[in-house]
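Everything on this sheet refers to the single structure shown next.
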């Protein structure tokens, strides 16, 4: 479970923590970089019509893939080395619930108020900045229960978070390119075995 959560959190940081997804953001692809505890994670990210694909890359090899489908409320983790697809829908739902997020409903929040769908959070716009070639609006999001603050840089033209930063992690998109994405990116390959989580082979 720890390994799975470590894969989920960088993905959630950018595609969910800003709470700016509307139905639907523009199609795009981008490089993905996150840092937490001195450990850097890199990969590729794709978004198309309410679906997202996050690929974790290590030494040039794709080691894990997470596919979310907001229309069908599904999440799959692909493990290419084993040609295994693990149904993570319930796990993602639990992670989101604990963070007051809901990526899989596709519910369109107000993009001018990233805190709209959150409980016990306040938002404050602190300025405008260019981040990795994208014009963004910088927001501070404060958890009123524990005082934790997260900063997000939202590109209102997508709309999407280009960068997210907290006291424990930083995540951002680089080399973002808008355009249609192949539908096959968001499907489980036909030669993959499907498994529920948890099971003996997914632990």
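Numerical summary
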read-out	value
Members of the range 152-197 found to be in contact with a helix residue (DSSP H, G or I) (Cβ under 9 Å, 6 or more places away or on another chain) and part of a loop (DSSP other than H, G, I, E, B), listed by number	166, 197
Close pairs from the range 66-91: first on the phi < 0 side of the Ramachandran plot and surrounded by 17 or more Cβ atoms within 10 Å (Cβ to Cβ), partner modelled with pLDDT of 95 or more and assigned to a loop (DSSP other than H, G, I, E, B), Cβ under 6 Å, at least 6 apart	76/188; 85/188; 85/192
Condition met for residue 48 (closer than 22 Å to residue 163 by Cβ, surrounded by 13 or more Cβ atoms within 10 Å (Cβ to Cβ), in contact (Cβ under 8 Å) with a residue 24 or more places away in the chain and over 15 Å from the mean Cα position of the chain (by Cα))	no
Residue in the range 95-118 that is modelled with pLDDT under 90 and loosely packed, with under 12 Cβ neighbours inside 10 Å present	yes
Scope the range 119-141; condition within 18 Å of the chain's Cα centre (by Cα) and exposed (fewer than 13 other Cβ atoms within 10 Å of the Cβ); matching residues	none
Leading residue by the ranking (nearest to residue 33 (Cα to Cα)) among those in the range 142-161 that are free of Cβ contacts under 8 Å to residues at least 40 places away in the same chain and within 19 Å of the chain's Cα centre (by Cα)	153
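The values are calculated or read from the model by the stated rules, or taken from the named source; none is laboratory data. Note that the coordinates shown come from a computational prediction; the quantities given were computed from them, not determined experimentally. Backbone-built Cβ (ideal geometry, glycine too); neighbour counts: all protein chains shown.
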